[in-house]
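One structure is given below, encoded as structure tokens.
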Amino acid sequence: MALLELKNVSRHFEVKSGLIDRLIYGKPIRMIKAVENVNLIVNENDVIGIAGESGCGKSTTCMMISGLLKPSSGEILYQGKRIDQFDSDENRWYHSQVQMIFQDPYETLNPRFRVIDTVAEGPRALKLWPENEIVSRVDDILNAVGLSPLKYAERYPHELSGGERQRVGIASALVMEPKMLIADEPLSMLDVSIRAGILVLLKKLALERHFSCVYVSHDLSILGHIADRLMIMYLGQAVEVGPTRDVIQNPKHPYTRALISAVPVPDPRSRRAVPNIIGDISRPIDPPPGCRFTLRCPYSDETCSQTFLKLDMNQGDKHLTACHRQDALDF
Amino acid sequence: MSDLAHKTWYQIFFRNISEHYQIIHGNLLGRIGFWVIAFFLFVAILAPWLAPHEPWEMQYDSEGNFASLQMPSWEFPAGTTHLGYDLLSQLILATRTTLIIGAVSGFISILIGANIGLISGYYGGKLDEVLMRFTDILYGMPFLPFVIVLIALFGRKLEFVILAIVLIIWRTSARVIRAQTIAIKQRQFIVAARARGCSDLRIIYRHILPNVLPLLLLYASFNIAWSIITEASASFLGFGDGETISWGGMLYELWLSGKTRVAWWWFASPSLCIVLLVTSLVFVSRAYEEVANPRLRKR
Amino acid sequence: MNSKPLLEVEKLNVRYQTLDGEIHAVADVSFKVFPNEVFGIAGESGCGKSTLIKGIMRLLPENAKMDARSIKYKDQEIDCMRENIFREEVLWTQISLVPQSAMNSLNPVYKVGEQIVEAIQTHTSQGKKEARERVEELFDVVGLQSEFMDSFPHEFSGGMRQRAMIAMALALDPGLIVMDEPTTGLDVLVQERILRRIREIRKQIKSSIILITHDIAVIAEMSDRIAVMYGGRIMEQAKSLDLFESPCHPYTLGLKNAFPSIKHLDQELISIPGSPPSLLGLQAGCPFEARCPFSSDRCKKDVPEVVVKEKFHEVSCFRHTDAPELREHATKLSTWHY
């Protein structure tokens, strides 16, 4: 059984318009359809990458998986149970099973908490263990992320560097021994020379501590190094999924192809193709039915704007794309 | 193993105390304010032992004359009233009353204001609307008439004076703390706390409150200062507590006696005390403001 | 690159006075920029690259002091130029800047076109009509439709605002344009378009560009020559190809390992242990010493002088002679993390 399953999950937000606009001018309520009918399956020990640009819905998806936001429609199942039907005890259990790390190392820690307070907060809030056991587990996890407790436990965030803060964030998520870790762009605000260290650390911990990881990023170079499977999202829709190497080296969806060819390569000798894409990205406000990439796609046709192929996640590791012209297009 | 690394709660408490001490003393004005307040506190605590005479006892000077309306002298350093009462003793005992009313009103009002601000700001929605409209209504209430009505209805008792002051003063701190709560609750570390599984109440009081603390302390000092002025105003108008004397009450007595133009010393000492204490409180809150608003700190 | 340099900077220093002491943000930096080239300055946060440029363009805050042995633009000494002459004749007219987070530098209450027109009119005697025509031209060059001239900044997307700032920088036909992190914060596809547009602009306009960024991939793709900065100093500078094929400095070697590439998914990522140095107080020795796997005692005490290995390839390292060996060792994980 899959550890986590998303079935047709959508999340809409209302665009706040004025009372007068609505009552007097009769303007309809506009909806931001941030995530639309997304399917996903995560098994034990999987590392799944979700890639896409801003506005694609990857962060919203993260928040829904970690229970911080409720889906507008669809189901999120953890070990077969629907998480929106949890009572408060089950909710607490869920938080100890699924944890999250965040993007901004400078904002992720409470400036008033020492490192030990931040890391111990989860177990204390969920009353997982007695206090002295919590303290020793905190010591353990701090060691595991490379921060010696003797040196770091009493420090305040302003006494830590960006990389150290991010490690504290990882420690405070992993201290609860979750089965799944959601990582929302944890590296993008770190210095280049520090990123590799945190990435390597995450990979190592995932292997040692047996948790699956959903890693969300706009940086395909990083995802290429950490994810086993990769899902590409555009404006709330999942457009392609498959083994990372496959998706990156043989993209099937026109958006994926454009995205990959746009990634700069740290080598002056390499050449890459000009991304084949039209126009600018829009916001997913009241989008038309069908594939949201239609207007920017150089290969789109009538059907594209009417219907959208949803990805069937039950096909295991297969490389799938939501482009209905996939057989016709030969990349 | 590393038990050495984990301090106990009282060590943290004392560390916080010293942190506050640093904040106040880091600032010249804060330091001055602190010592003046400390002085008044000292006087207030030891009042009954410091007062040289009974406050409402007719005094006779060294020559045996009735000591009425005497200017400040060695015998009566603050002078006397028209009835021969020693003003210094009154002043000293009034310090106690004023400080008690000020501190109690200040603390209760900040307690109410902070909690309403935190809860309103964190939960938002209907709760926020209701609480804020309630606060708005109180904003519309003019203070002095309200106190007057309350006292007139229920009598000149200490509790009602405190109640009246508290009911009016909590409103500003509520608004301000609500605003800061709203700003803080969107920050990533609060989202992270929710992701860790913290309940709403835990987030409000364990995560947000420490971050609102500098602002809170700032308003605590302000509230105490306002309470003192408010009490002085009410007492001056005759609506203070009937049983004890306060600085404002002393001014009320002065006014009643009709000797305002003559007995400048009677007017000077209570007024000076009010000004000194309130200014010191403002100085101390200024020191906290630098923490609450780091931009004010010198570069 | 056989011609005379457009910009020549010799031994530039920038020092900040703060409450905690003096910060030596930029130390003894020397470099040249030639006509019609893209000169990249790469480095992480705090390495001094932005401060360096602000120093040259006299945009430093009050508590900072800049001094240099010489700064020459088109063979003219601009270091000791009087303030008002510098503002009139050099800033914006000869050297212009697209600052960091430029997208947020536009005044939100004025139309975008108006702001550029104003900038042009401040520096030249052009009339409004002429200036507007120039702005239309510029919009065309950066790929913005001219209708957008009369829009407000909030109606522009991030990428569009960045282009508007580039248009402003081009307005007076400067010989040198400095772009500080021009694509940081922008999505990959938007970034790609802007970088492509910058390359096209280069073909049209013969200005040189100084490109400052921490993104090694962007700098690799865009620059002709690159300088790598760390801790306020230039560690190594060379033609891009040379820098990537035969890097000499341990920091450059470390960066190569630490930067994932989408083309080499099998690459073993090796991070550089430690973190960037604090530049507070007196700094002795090489700034990279604490994190360098090849450092020696000498590196703690003395700052390595700049050694010219080949034309255009300069290194600041005591062990530059062992470069091929160091390159070998640097590819192993054990070298960096033991």
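Odds and ends about this structure:
- For chain B, the longest site-free run once chymotrypsin sites (Phe, Trp or Tyr not before Pro) in DSSP loop states with at most 15 other Cβ atoms within 10 Å are removed: B:75-299
- Separation of the stretch C:12-31 from the stretch C:88-122 is 28 Å, based on Cα centroids.
- With a 10 Å cut-off around each Cβ of C:50-58, the average count of Cβ atoms from other chains is 0.
- Computed from the Kirkwood radius of its Cα pairs, the Stokes-Einstein diffusion coefficient for the stretch B:97-166 at 20 °C and 1.002 mPa s stands at 159 µm²/s.
- Screening chain B for whole DSSP H helices of 18 Å or more along their axis (Cα) with average Kyte-Doolittle hydropathy at least 1.0 returns B:28-45, B:87-123, B:158-185, B:209-236, B:264-292.
- From least to most packed, judged by other beta carbons within 10 angstrom and beginning with the fewest, C:His249, A:His324, C:His24 follow the order A:His324, C:His24, C:His249.
- log10 of Debye I(q)/I(0), alpha-carbon scatterers only, for the stretch C:1-65 at 0.15, 0.21, 0.24, 0.30 Å⁻¹: -0.52, -0.90, -1.09, -1.38
- Cα shape, the stretch A:25-178, gyration tensor, a/c 1.5 rule: prolate
- At 1.306 mPa s and 10 °C, Stokes diffusion of chain A via Kirkwood alpha-carbon radius, µm² per second: 75
- Taking the inverse of the mean 1/r over every pair of distinct Cα atoms in the stretch B:130-190 gives a Kirkwood hydrodynamic radius of 13.3 Å.
- Candidate lysines for bridging to A:Lys203, where Cα separation is under 16 Å - those fewer than 8 sequence places away on the same chain excluded: A:Lys179
- Remark on the stretch A:290-331: Rg and Dmax equal 11.1, 31 Å (Cα only).
- Choice from B:Pro48, B:Pro270, B:Pro142 with maximal GNM fluctuation in chain B (Cα, 10 Å cutoff): B:Pro142
- Volume of the Cα convex hull of the protein assembly as shown, divided per residue and given in Å³: 239
- A straight line joining the Cα centroids of the stretch B:208-261 and the stretch C:272-321 runs 66 Å.
- Taking the square roots of 5 times each eigenvalue of the Cα gyration tensor of the stretch A:134-293, largest first, gives ellipsoid semi-axes of 35, 18, 15 Å.
- For chain B, fraction of C-alpha pairs farther apart than 29 Å, in %: 46
- Spread of Cα-to-Cα distances over 10 Å intervals beginning at zero, given as percent, for the stretch B:137-227: 15, 34, 25, 18, 7, 1
- Summing +1 for each Lys or Arg and -1 for each Asp or Glu among the other residues whose beta-carbon sits under 10 angstrom from that of C:Phe244 gives 0.
- The convex hull drawn around the Cα atoms of the stretch B:18-177, when projected onto a plane and averaged over every direction, covers 13.6 nm².
- Which of C:Lys49, C:Lys74 has the fewest Cβ neighbours within 10 Å, and the rest in rising order: C:Lys74, C:Lys49
- Every pair of different Cα atoms in the stretch A:55-107 enters the Kirkwood calculation, which places the hydrodynamic radius at 12.2 Å.
- q = 0.10 Å⁻¹: log10 I(q)/I(0) that the Debye formula gives for the stretch C:121-223, counting C-alpha atoms only: -0.28
- Within the protein assembly as shown, DSSP assigns beta bridges of which about 60% are antiparallel (rounded to the nearest 5).
- Exercise: per-residue mean of other protein chain Cβ atoms within 10 Å, A:186-199: 6
- Mean shadow area of the stretch C:184-338, taken as a quarter of the surface of its Cα convex hull (nm²): 10.9
- When the P(r) is computed for the stretch A:5-99, the part past 17 Å accounts for 57% of the Cα-Cα pairs.
- Quarter of the Cα convex hull surface for the stretch C:186-245, i.e. its orientation-mean projected area (nm²): 4.9
- When you work out D = kT/(6 pi eta Rh) for chain C at 20 °C and 1.002 mPa s, using the Kirkwood radius from C-alpha pairs as Rh and the Stokes-Einstein form, the result is 101 µm²/s.
- Debye-sum result for the stretch C:215-272 in log10 I(q)/I(0), which assumes one identical scatterer on each alpha carbon, at q = 0.16 Å⁻¹: -0.49
- Alpha carbon centroid spacing (whole Å) that separates the stretch A:100-144 from the stretch A:220-256: 33
- Here the gap between C:Asn107 and C:Lys332, fully extended at 0.36 nm per residue and compared with their Cα-Cα distance, gives a gain of 76.0 nm.
- For the stretch C:1-116, radius of gyration divided by Kirkwood radius, i.e. Rg to Rh on alpha-carbons: 0.99
- GluC sites (Glu not before Pro) restricted to DSSP loop in the stretch B:172-280 with at most 13 other C-beta within 10 Å: B:Glu243
- Restraint check, C:Lys32/C:Lys301; C:Lys54/C:Lys332; A:Lys27/C:Lys111, Cα-Cα greater than 31 Å: C:Lys54/C:Lys332
- For chain B, the 222 nm mean residue ellipticity estimated from helices alone, with every DSSP H stretch of n ≥ 4 adding -39500 (n - 2.57) and the total spread over all residues, rounds to -24000 deg cm²/dmol.
Each reported figure results from applying straightforward, stated rules to the coordinates on display, with no laboratory input. Because the structure is predicted, anything quoted here is derived from the model rather than measured. Neighbour counts are summed over all protein chains in view; Cβ atoms, including those assigned to glycine, are modelled from backbone coordinates with ideal geometry.
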